[in-house]
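**Q** Got a structure for you, questions after.
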Amino acid sequence: MWYTLIAILVIYLLITFGLRAWTRWSLNRNATLLESEAFEQASHNGQIIDLRDAADFKFKHVLGARNIPLQFLLQDNTAIRQDKPVYLVDQDNQGAEKMVRKLKKQGYQDIYVLKGGMAKYTGRTK
């Protein structure tokens, strides 16, 4: 019985940490991860897209960000201009990873992601 519980726990941990590692690897491969300070400085030259839902956005968001929830953008991302750098914000980088892959497939080049998402952002907010 103990062996079964230990095996389940090990499998759970492998899946959990494996998904996090995959997300980090995929983001590093397809986008530039920026710490809070660098994100705040660089994003003035581009379009900041907050991928969280409207309630989270209303509560707190990066100054100058537009709220376009991930579910909407995965279906239709025509609201994002291709000629300007794209700065993505979400809660913890899980949604940003999906959006980065889609944007890269469509030819977007300058894609930046707030490292750690809003959960770790220390810059100016509204």
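The values are calculated or read from the model by the stated rules, or taken from the named source; none is laboratory data. What you see is a predicted model; the values in this text were computed from it and never measured. Reconstructed Cβ throughout: ideal geometry from the backbone, glycine too, with neighbour counts over all protein chains shown.
**Q** Give the number of residues within region 1-46 that are free of Cβ contacts under 8 Å to residues at least 12 places away in the same chain, among the polar types (S, T, N, Q) and within 27 Å of GLN109 (Cβ to Cβ).
**A** Count: 2.
**Q** Here's a follow-up. Pick from GLY64, GLY95, GLY123: which is in contact with a strand residue (DSSP E or B) (Cβ under 8 Å, 6 or more places away or on another chain) and on the phi < 0 side of the Ramachandran plot?
**A** Working: GLY64 fails: on the phi < 0 side of the Ramachandran plot; GLY95 fails: in contact with a strand residue (DSSP E or B) (Cβ under 8 Å, 6 or more places away or on another chain).
Only one candidate passes the filter, namely GLY123.
**Q** Within region 39-52, can you find the residues that are at pLDDT below 95 and either within 13 Å of the chain's Cα centre (by Cα) or closer than 13 Å to GLY117 by Cα (or both)?
**A** Matches in region 39-52: GLU40 only.
**Q** For ASP110, state whether it is surrounded by 13 or more Cβ atoms within 10 Å (Cβ to Cβ), out of contact with any His (no Cβ under 9 Å at 6 or more places or on another chain), among the acidic types (Asp, Glu) and closer than 14 Å to LEU51 by Cα. First the steps, then the outcome.
**A** Values: surrounded by 13 or more Cβ atoms within 10 Å (Cβ to Cβ): yes; out of contact with any His (no Cβ under 9 Å at 6 or more places or on another chain): yes; among the acidic types (Asp, Glu): yes; closer than 14 Å to LEU51 by Cα: no.
No; evaluated as a whole, the condition is false for this residue.
**Q** Still on this structure: How many residues does region 55-79 hold that are free of Cβ contacts under 8 Å to residues at least 12 places away in the same chain and surrounded by 17 or more Cβ atoms within 10 Å (Cβ to Cβ)?
**A** Residues flagged as free of Cβ contacts under 8 Å to residues at least 12 places away in the same chain and surrounded by 17 or more Cβ atoms within 10 Å (Cβ to Cβ) within region 55-79 amount to 1.
**Q** Within region 41-126, considering only strands (runs of 3 or more DSSP E) that don't extend past its boundaries, which have at least 1 residues that are within 18 Å of ASN30 (Cα to Cα) and of a type in the set (Phe, Trp, Tyr)?
**A** Numbers: elements: 47-50, 86-89, 111-114.
Ranges flagged: 86-89, 111-114.
**Q** From the list GLU40, GLU97, which one is over 21 Å from THR125 (Cα atoms), surrounded by 15 or more Cβ atoms within 10 Å (Cβ to Cβ) and acidic (Asp, Glu)?
**A** Numbers: GLU40 fails: over 21 Å from THR125 (Cα atoms).
Only one candidate passes the filter, namely GLU97.
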